[in-house]
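A.B. asks: This is the structure, below, for whatever I ask next.
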Amino acid sequence: MFKKILIANRGEIAVRIIRACHELGIRTVAVFSEVDRAALHVAQSDEAYLIGPASARESYLNIERVLATTRQSGAEAIHPGYGFLSENAAFARACADAGVKFIGPPASAMELMGSKTRARQAMQAAGVPCVPGSTKGLSVAEAASLAARIGFPVMLKAAAGGGGKGMRLVHTPGELSSAYATAQSEALGAFNDAEVYLEKFIENPRHIEIQVLGDEHGNLVYLGERECSVQRRHQKVIEESPSAFIDDDLRQRMGAVAVQAARSSGYTNAGTVEFLVDTQRNFYFLEMNTRLQVEHPVTEMVTGLDLVHLQLRIASGEKLPFRQVDVRLRGHAIECRIYAEDPENNFFPSPGKITRLDRPSGPGIREDSGVYEGWTVPLDYDPMLSKLIAYAPERSVALARMQRALDEYFIGGIKTNLPLFRRILENPEFAAARIDTGFLDRLLAVPQAAGHADAVAEIAAVSAALFAATAAPAGNGRNGGSRAVQTGGGSAWQRTARFEGTQRQ
Ligand code: MV4
């Protein structure tokens, strides 16, 4: 096992990796930018190095600087986390050239999966079902004739894209050429690569992904699925495992296909095969993410495995310590991504100082956080603050635990999307698992008064408190009413919010 590794990341994922390292007796080297001097990952690591200014390009994405710091610190390996350099094949190759172990798949597998057209070619050749469409970049004329052949609606996608960038839905032949021009220029602007390909459009799909894990001795397993259909603008908001839509037979077939996708691309370490599943339960390969994902905790909860431990053991050359038959999925896990953003103001980022932080805990609750009370969330990076994960033997209980934990959670001083989660968790469609990739847009399209459920609960709580204060006091009449005023009604966060409000006045 490694003695010391460098973590080329920040925030909650850097903290998550540091925890795993310390459990395995590995010393940790953090890197940080000028605005992250006081960040949690810096305080929790054994050593930390300043690698540049706030701009990610000059710090967390600076390959030369990260590698020089690795040499300087004597770290033997680099964990890239997610985002930043995690899916950069050139970085993985530079690590190999520098004699530093990249904790992830080989650069060749990252390169293959980085091109959606190359990936589709390879996957088709390996017998992995793909969405009907092209396996190479198309001219506008080729796109028009293929669309006519497979039928509208179709999607134009950037070959270098993924995650929804450079994507255009086309309903009719008349729209195709202008959609092609937009997709192409978006692709060129975002990825410096104008290659555009085409797929049949799958209506109302679910987004379901399979976690895979491979060692460097040819052993590969899948670790069940994650249901990621609750998204907004291609950003996942809630993830769960298992999916209520997937039965044992479908899970086993998708798992076998995911392992085949990984095997045929020479994949090792942790990866995720993304599928679209249509309303008839047909599934189609979409893309493969060659990194540890944000939502890996839900898989950890239902498998009882630690994916970061396993990544480290695999990268150090160990064999997988179990086989597919040993993998047991037990219970249900759900994750909410807590962001510093304002759901009342078009989810505009809301960085700033966290003046108060009351974190949830208790049975079945896990919080993977990158923040602390008193810290100022910088505006330079993704504003995800933490991930709240609830686990229970069954879905309904996991949802109840999540609701209870959301009620305990209070983040003061900045706006967060906590109210959105309270709203989703009380939605009957969500409770019944009637979710597809259109669920959140439908929910957000329903007009609602400012604050809605929060405001209603708040008004009810304040009314109750006022009633208690003004009504004839019970008992001795001295403190029967005032006690009710102090406590108020509603949940812990509502009481705290009122308290904070009082303090500020
Ligand atoms: C699609 C699709 C329908 N048909 N491809 C969006 C993100 C990127 N990973 C692929 N995406 C989609 N690709 C075909 N051929 C619908 C989506 C899509 C979507 C997928 C997953 C989760 C949410 C989504 C929201 C809108 C569209």
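The values are calculated or read from the model by the stated rules, or taken from the named source; none is laboratory data. Values in this document were obtained by computation on a predicted structure and should not be read as measured data. Positions of Cβ are generated from backbone atoms using ideal geometry, with glycine treated the same way; all protein chains shown enter the neighbour counts.
A.B. asks: Is the stretch 241-258 home to any residue that is over 25 Å from the mean Cα position of the chain (by Cα), more than 11 Å from the ligand (Cβ to nearest atom) and closer than 27 Å to F430 by Cα? Outline the logic, then answer.
C.D. replies: As a first pass, look at the stretch 241-258 and keep what is over 25 Å from the mean Cα position of the chain (by Cα): 249.
Imposing the further condition that a residue be more than 11 Å from the ligand (Cβ to nearest atom) reduces the set to 249.
When the remaining residues are screened for being closer than 27 Å to F430 by Cα, the result is 249.
Checked the stretch 241-258: at least one residue is over 25 Å from the mean Cα position of the chain (by Cα), more than 11 Å from the ligand (Cβ to nearest atom) and closer than 27 Å to F430 by Cα.
A.B. asks: From the list V302, V325, exactly one residue is outside any loop (DSSP other than H, G, I, E, B), of a type in the set (A, V, I, L, M, F, W, C) and touching a residue at least 12 places away in the same chain (Cβ under 8 Å). Which is it?
C.D. replies: Answer to the selection: V302.
A.B. asks: For the stretch 352-369, how many residues are under 16 Å from I411 (Cβ atoms) and within 19 Å of the chain's Cα centre (by Cα)?
C.D. replies: Qualifying residue count for the region: 4.
A.B. asks: Determine, yes or no, whether I210 is within 17 Å of the chain's Cα centre (by Cα), farther than 25 Å from S386 by Cβ and not basic (K, R).
C.D. replies: It is true that I210 is within 17 Å of the chain's Cα centre (by Cα), farther than 25 Å from S386 by Cβ and not basic (K, R).
A.B. asks: If you check A147 against the conditions, is it touching a Pro at 6+ places or on another chain (Cβ under 8 Å), more than 29 Å from R263 (Cβ to Cβ) and modelled with pLDDT of 95 or more?
C.D. replies: Here the answer is yes, as A147 does meet what is asked.
A.B. asks: Of the residues that sit in the stretch 261-281 and are out of contact with any helix residue (DSSP H, G or I) (no Cβ under 9 Å at 6 or more places or on another chain) and over 23 Å from G161 (Cβ atoms), which one is surrounded by the fewest Cβ atoms within 10 Å (Cβ to Cβ)?
C.D. replies: Ranking the candidates gives Q280 first.
A.B. asks: So is H296 within 14 Å of the ligand (Cβ to nearest atom) and within 19 Å of E87 (Cα to Cα) or not? First the steps, then the outcome.
C.D. replies: Values: within 14 Å of the ligand (Cβ to nearest atom): no; within 19 Å of E87 (Cα to Cα): yes.
For H296, the condition - within 14 Å of the ligand (Cβ to nearest atom) and within 19 Å of E87 (Cα to Cα) - is not met.
A.B. asks: A further question follows. Within the stretch 25-67, can you find the residues that are part of a loop (DSSP other than H, G, I, E, B), buried (at least 22 other Cβ atoms within 10 Å of the Cβ) and among the small types (G, A, S)?
C.D. replies: Of everything in the stretch 25-67, those that are part of a loop (DSSP other than H, G, I, E, B), buried (at least 22 other Cβ atoms within 10 Å of the Cβ) and among the small types (G, A, S) turn out to be A39, S45, S59.
A.B. asks: Same structure again: Can you name every residue in the stretch 216-240 that is more than 16 Å from the ligand (Cβ to nearest atom), aliphatic (A, V, I, L, M) and under 21 Å from the mean Cα position of the chain (by Cα)?
C.D. replies: Result: L223, single match.
A.B. asks: Going residue by residue through the stretch 171-189, is there one that turns out to be in a strand (DSSP E or B) and of a type in the set (A, V, I, L, M)? Lay out the reasoning, then the answer.
C.D. replies: Taking the stretch 171-189 as the starting set, the residues that turn out to be in a strand (DSSP E or B) are none.
No, that holds for no residue.
A.B. asks: Among the candidates N204, N192, which residue alone is at pLDDT below 95 and either within 30 Å of D326 (Cβ to Cβ) or more than 14 Å from the ligand (Cβ to nearest atom) (or both)?
C.D. replies: Within the list N204, N192, the selection yields N192.
A.B. asks: Out of curiosity, is N289 among the polar types (S, T, N, Q), in contact (Cβ under 8 Å) with a residue 40 or more places away in the chain and buried (at least 18 other Cβ atoms within 10 Å of the Cβ)?
C.D. replies: Here the answer is yes, as N289 does meet what is asked.
A.B. asks: Looking at the stretch 263-280, I want the residues that are within 15 Å of E295 (Cβ to Cβ) and have a partner that is assigned to a loop (DSSP other than H, G, I, E, B) and away from the ligand (no atom under 15 Å from the Cβ) with Cβ atoms under 8 Å, at least 6 apart or on another chain. Which pairs are those?
C.D. replies: If the second residue must be assigned to a loop (DSSP other than H, G, I, E, B) and away from the ligand (no atom under 15 Å from the Cβ), the pairs left are A270/G104; A270/L292; G271/P105.
Yes/no matrix, rows are residues, columns are (1) part of a helix (DSSP H, G or I); (2) on the phi > 0 side of the Ramachandran plot; (3) in contact with a His (Cβ under 7 Å, 6 or more places away or on another chain):
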| position | (1), (2), (3) |
| --- | --- |
| T117 | yes, no, no |
| Q124 | yes, no, no |
| G127 | no, yes, no |
| L146 | yes, no, no |
| M155 | no, no, no |
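A.B. asks: Also, quick follow-up: With the condition kept exactly as written, say whether any residue in the stretch 126-144 is touching a Gly at 6+ places or on another chain (Cβ under 6 Å) and either more than 16 Å from the ligand (Cβ to nearest atom) or within 27 Å of V294 (Cβ to Cβ) (or both).
C.D. replies: Here is the first cut: in the stretch 126-144, the ones touching a Gly at 6+ places or on another chain (Cβ under 6 Å) are none.
No, that holds for no residue.
A.B. asks: Output the number of residues of the stretch 94-125 satisfying the condition of being buried (at least 18 other Cβ atoms within 10 Å of the Cβ), more than 16 Å from the ligand (Cβ to nearest atom) and hydroxyl-bearing (S, T, Y).
C.D. replies: So the count comes out to 0.
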